[in-house]
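The values are calculated or read from the model by the stated rules, or taken from the named source; none is laboratory data. Note that the structure is a prediction, hence the values are computed from the model and not measured. For neighbour counting, all protein chains shown are included, and Cβ atoms are generated from backbone atoms with ideal geometry for every residue, glycine included. SASA here: full protein model, heavy atoms, side chains in, ligands and nucleic acids out. Shrake-Rupley method; radii C 1.70, N 1.55, O 1.52, S 1.80 Å.
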Amino acid sequence: RRSARALPAMLSDASRALGDSAPPLCVVLPVKGAHAQSAANWRAQCCSHGYAGPVSFLFVVQEEEDEAYSLVKQLQASGSLPTENVRVLVAGLAVGTSQKLHNLIHAVERIGEQSELVLMLDDDMLLAPGAVNLLAHELLSDPNALAASGFSCDAPGRWTVLAHAACVYRLILEISVAGGEGSHAWGGCCLMRRADLLESVPGGVMAHWKNRGYSDDWIITAVARKQRRRIANPPLLFLNLVDFRSPSQLYNFFHRQFFVLDTYPQPSPDEPRIQAHRLRLESYALASLMGLGGAFSAAAAPSVAWQLF
């Protein structure tokens, strides 16, 4: 079984396997706003990715007034970001889909035909050198794979019932993904073939994205299951500290998780309704059990009981 301890060797092996044959890749970064680490993150993503083949980058924002747009332009003007193969696109306001998904659609439809692979990456994700090579190797080595994806590893930022309830809910996915058996896509770091993102693919990802889509990654996961294709999950986990300070934050987290479960691709006419919604019903039950387990695990520590909320 693969483990995180074998990751350095996997990164090195993947880089050697790709060699000079690594196909052209386009990195799509949907961006909203900027923070103190944005400039450093974007420089690292554009200049230290370590990919063995040609790479281009598409930053995509909702409007030119977004401070991310001006920051990218400033970094290019100062030489901190390259001007060649780095573009900023303005997608406009979303109508009928989530804004992030609208931005992704706008960018993917403008990727040149020369790019064989598309990496969808959150702008605050820092990749280890060789990580893109590993994703590409995992995807290209299996013709039946729809995507290769990293995953978010949630850990409590403070010892509270709220933080544990949210983290334990995600724990079962993280365990399976860390072992390479998850077959789940995560929008923070997900690699696909450009050909699989074309709107001309019947029942494909793009068609479902445009059909009132909300969650980019859960739609990819659902399409893979419907088409009986695999999603590769090499052990690339990105640490995310959860620091919920009020019950309303936890409620909002679960509300968004449950809403996402209702935005899968619509069932086909010949697909039984109970089968189409089985995963959603199972997830509702799992969320309740895992959330309660997280609450009990935090409440079981007497020394921090006074910090529950």
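Across the alpha-carbon set of segment 87-245, the Rg to Rh ratio works out to 0.97, Rh being the Kirkwood radius. For a straight C-alpha distance cut-off of 22 angstrom, the lysines reachable from residue 210 (same-chain residues fewer than eight places away being disregarded) are 32, 100, 226.
Counting charges near residue 123 (Lys, Arg +1; Asp, Glu -1) among other residues having Cβ under 13 Å from its Cβ returns a value of -1. Note that segment 39-144 presents 44 Å² accessible area per residue, ligands and nucleic acids not counted, probe 1.4 Å. In segment 33-152, the ratio of gyration radius to Kirkwood radius, Rg to Rh, stands at 0.95 when only Cα atoms are counted.
In a shell of Cβ-Cβ distance under 11 Å around residue 146, excluding residue 146 itself, what net charge do Lys and Arg (+1) and Asp and Glu (-1) give? Result for the local shell: +4. Neighbours of residue 100, meaning other residues whose beta-carbon lies under 12 angstrom from its beta-carbon, give a summed charge of -3 when Lys and Arg score +1 and Asp and Glu score -1.
Between residue 70 and residue 251, the simple label model (points 7 Å from Cα in the Cβ direction) yields a spacing of 3.7 nm. So, with a 1.4 angstrom probe, what is the percent of accessible area on segment 1-154 that is carbon and sulfur? Here carbon and sulfur together make up 51 percent of the probe-accessible area. For segment 1-99, the spread of Cα coordinates along the three principal axes comes to 46, 36, 27 Å, biggest extent given first.
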